[in-house]
Amino acid sequence: MKIKKNIATSESGYVFNPSTGESFSVNPIAIEIFNFLKEGKSYEEISKTMLARYNTDEATFEKDYNDFMGMLKQHLLIETENEKEN
Amino acid sequence: MKKKINIAVSGLNAIDSPGPGIAVIRALREAKSLDVKIIGLAYESLEPGIYMHNLIDKTYQIPYPTAGTDNLLARLEYINNAEDLNVIIPNFDAELFPMIKLESRLKEMGINTFLPTAEQFEERHKINLPDFGKRYNIKVPHSKAIYSTAEIGGLTDEFSYPVAVKGKLYDAEIAHTPEQVNTYYNKISSKWGLPIIIQQFIHGTEYDVAGLGDGKGNTISIVPMRKQYITDKGKAWGGISVDDKEIFKLTNHFISSTKWRGAFELELLKDHNNEYNLLEINPRMPAWIYLSVGVGQNIPKALVKLALGEKVEPYKEYAVGKMFIRYSNEMIVDVEEFHRISTTGEL
């Protein structure tokens with residue numbers, strides 16, 4: 001899954017969707033994951049990095065990651081199949 | 001040296017539900033390629049713009065549209081004799097039709113306008129919106145014009161509550177029951193007359209588009225905005241410029257298929273299926289038109305140039321993520337000024 005190309009993030013932890021005009025505030029860890037997704041990193045790559053950086057176990061990270069993905073999808077921040085083709 | 005352009009602008013009621021005049025004037029004042037003298041056209045002595053001498057050089061009272069076009073023309077002749085007007089920008093829905101009717105007479109007087117045609121003005125009317133949607137293949141919510149409270153009981157055959165109850169020119173309320181429709185019907189019709197338009201209420205997010213068409217099917221400007229803060233009258237008190245392909249597709253389609261001439265505002269609602277519904281077409285600039293300057297597309301300036309018959313290149317780019325936040329303020333005014341505008345109709 002990849003974040004839409006036009007989504008902007010700010011250093012203060014804001015995510016802005018220029019298509020809808022919506023802004024979301026996210027915590028520093030979410031911004032890290034968000035940026036990894038923008039770079040096109042896979043779940044395996046992200047999981048490995050985050051487990052090395054933070055004191056958490058794989059099962060907890062996977063659950064939190066999936067919750068976060070659900071939120072990103074709900075707010076239309078993930079690229080759809082059509083957008084990938086374009 | 002730039003030639004001074006004398007521009008008359010109405011809609012000086014910068015109140016809680018503001019007319020677009022002051023925003024239009026700010027845009028014209030900031031257009032570096034124009035040297036303007038601004039003549040305000042006001043209806044009431046307490047329209048705040050009358051007293052904004054940093055923006056408006058002189059204000060004249062004009063008769064309400066209900067007084068008829070002859071009275072309006074006579075007053076405009078008087079103003080033109082004093083001010084040698086080059087352009088008039090009417091900013092109220094109610095004055096557009098008389099101005100469209102007077103377009104050729106004004107032209108003879110040397111006054112230019114850039115307005116929709118009478119046909120364009122009529123077919124986009126709230127009453128005609130369902131037909132408009134069918135003709136141009138644009139999704140609009142189901143609506144119906146009613147002329148009597150006796151028709152309210154039968155609305156459930158066509159609508160599910162809540163519904164929007166709208167005046168033919170201004171005002172809208174959301175009604176959840178037939179009793180509320182009855183109340184709003186009486187309230188709005190007593191102010192704006194009949195018919196009352198019943199429109200299916202759709203849940204979703206409101207977007208507005210300010211734009212300008214050259215009358216030949218070409219787009220000069222499109223500035224889409226998401227409403228961020230809405231007043232109890234449904235007016236945008238804050239908004240942000242957005243970039244959505246679907247909005248551009250819809251707006252370009254609107255301009256090219258209607259060959260829209262002049263400025264306009266499209267009121268859109270994005271529903272839960274992420275589809276845009278066209279709620280209203282306003283045949284004039286919106287009160288938030290200054291955002292167009294903020295994002296790099298000065299629509300009032302382009303409109304003046306089109307009115308003067310100059311060639312205008314379409315705007316191609318604008319800044320996304322620019323916000324406008326409206327505010328209210330108090331001016332301190334000498335009562336003598338109020339007396340002058342009230343008694344002589346000029347200030």
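The values are calculated or read from the model by the stated rules, or taken from the named source; none is laboratory data. Keep in mind the model is a prediction, meaning the values are calculated, not measured. With ideal geometry, Cβ positions are generated from the backbone for all residues, glycine too; neighbour counts draw on all protein chains shown.
Could you give every pair whose Cβ atoms fall below 8 Å, whose first residue belongs to region B:231-248 and is in contact (Cβ under 8 Å) with a residue 60 or more places away in the chain, and whose second residue is of a type in the set (V, I, T) and surrounded by 15 or more Cβ atoms within 10 Å (Cβ to Cβ), counting only separations of at least 6 or pairs across chains?
Pairs found: B:S241/B:V223; B:S241/B:V295; B:S241/B:V320; B:V242/A:T20; B:V242/B:V320; B:D243/B:V320.
Identify, by number, the condition in (1) away from chain B (no Cβ under 14 Å); (2) closer than 24 Å to B:V242 by Cα that A:E32 doesn't meet.
Among (1) away from chain B (no Cβ under 14 Å); (2) closer than 24 Å to B:V242 by Cα, A:E32 violates only (2).
Within region B:1-53, can you find the residues that are among the polar types (S, T, N, Q), out of contact with any Lys or Arg (no Cβ under 7 Å at 6 or more places or on another chain) and in a strand (DSSP E or B)?
The one that is among the polar types (S, T, N, Q), out of contact with any Lys or Arg (no Cβ under 7 Å at 6 or more places or on another chain) and in a strand (DSSP E or B): B:S10.
In region B:74-100, what residues are surrounded by fewer than 17 Cβ atoms within 10 Å (Cβ to Cβ) and either assigned to a loop (DSSP other than H, G, I, E, B) or hydrophobic (A, V, I, L, M, F, W, C) (or both)?
Once the filter is applied, which keeps residues that are surrounded by fewer than 17 Cβ atoms within 10 Å (Cβ to Cβ) and either assigned to a loop (DSSP other than H, G, I, E, B) or hydrophobic (A, V, I, L, M, F, W, C) (or both), region B:74-100 yields B:A74, B:A82, B:D84, B:A94.
Look through region B:289-316, keep the residues that are farther than 25 Å from A:N6 by Cβ and among the small types (G, A, S), and return whichever of them is farthest from the other protein chains (Cβ to nearest Cβ).
Only one residue fits best here, namely B:G309.
Would you check which residues across region B:258-288 are touching a Leu at 6+ places or on another chain (Cβ under 8 Å) and either among the β-branched types (V, I, T) or within 14 Å of chain A (Cβ to nearest Cβ) (or both) and list them?
Selection gives B:L268, B:L269, B:N274, B:Y276, B:I281.
Identify the residue in region B:170-202 that is over 20 Å from the mean Cα position of the chain (by Cα) and small (G, A, S) and, among all such residues, is surrounded by the fewest Cβ atoms within 10 Å (Cβ to Cβ).
Among those residues, the one meeting the criterion is B:S190.
Could you say whether any residue in region A:20-43 is outside any helix (DSSP H, G or I), surrounded by 15 or more Cβ atoms within 10 Å (Cβ to Cβ), touching a Leu at 6+ places or on another chain (Cβ under 6 Å) and not basic (K, R)?
no
Within 14 Å of chain A (Cβ to nearest Cβ), in contact (Cβ under 8 Å) with a residue 24 or more places away in the chain and surrounded by 10 or more Cβ atoms within 10 Å (Cβ to Cβ): does that describe B:A319?
Spelling it out, B:A319 is indeed within 14 Å of chain A (Cβ to nearest Cβ), in contact (Cβ under 8 Å) with a residue 24 or more places away in the chain and surrounded by 10 or more Cβ atoms within 10 Å (Cβ to Cβ).
Looking at region B:211-239, which of the residues that are within 19 Å of B:L279 (Cα to Cα) and either buried (at least 24 other Cβ atoms within 10 Å of the Cβ) or modelled with pLDDT of 95 or more (or both) is nearest to the other protein chains (Cβ to nearest Cβ)?
Result: B:R226.
Can you report the number of residues in region B:322-335 which are away from chain A (no Cβ under 14 Å) and buried (at least 18 other Cβ atoms within 10 Å of the Cβ)?
Qualifying residue count, region B:322-335: 1.
Considering only residues that are touching a Pro at 6+ places or on another chain (Cβ under 8 Å), of a type outside the set (S, T, N, Q), within 14 Å of chain B (Cβ to nearest Cβ) and surrounded by fewer than 17 Cβ atoms within 10 Å (Cβ to Cβ), which ones fall in region A:1-19?
A:A8
Quick check on my filter: what residues within region B:19-35 are touching a residue at least 24 places away in the same chain (Cβ under 8 Å) and surrounded by fewer than 21 Cβ atoms within 10 Å (Cβ to Cβ)?
Selection gives B:R26, B:R29, B:E30, B:A31, B:S33, B:L34, B:D35.
Of the residues B:I247, B:I255, B:I198, only one is more than 14 Å from chain A (Cβ to nearest Cβ), of a type outside the set (D, E, K, R) and under 26 Å from B:P18 (Cβ atoms); which?
B:I255
May I ask you to list pairs of residues, at least six apart or on different chains, whose Cβ atoms are under 8 Å apart, with the first in region B:130-154 being farther than 15 Å from B:E179 by Cα and free of Cβ contacts under 8 Å to residues at least 60 places away in the same chain and the second being surrounded by fewer than 16 Cβ atoms within 10 Å (Cβ to Cβ) and aromatic (F, W, Y)?
From residues that are farther than 15 Å from B:E179 by Cα and free of Cβ contacts under 8 Å to residues at least 60 places away in the same chain, there are no pairs.
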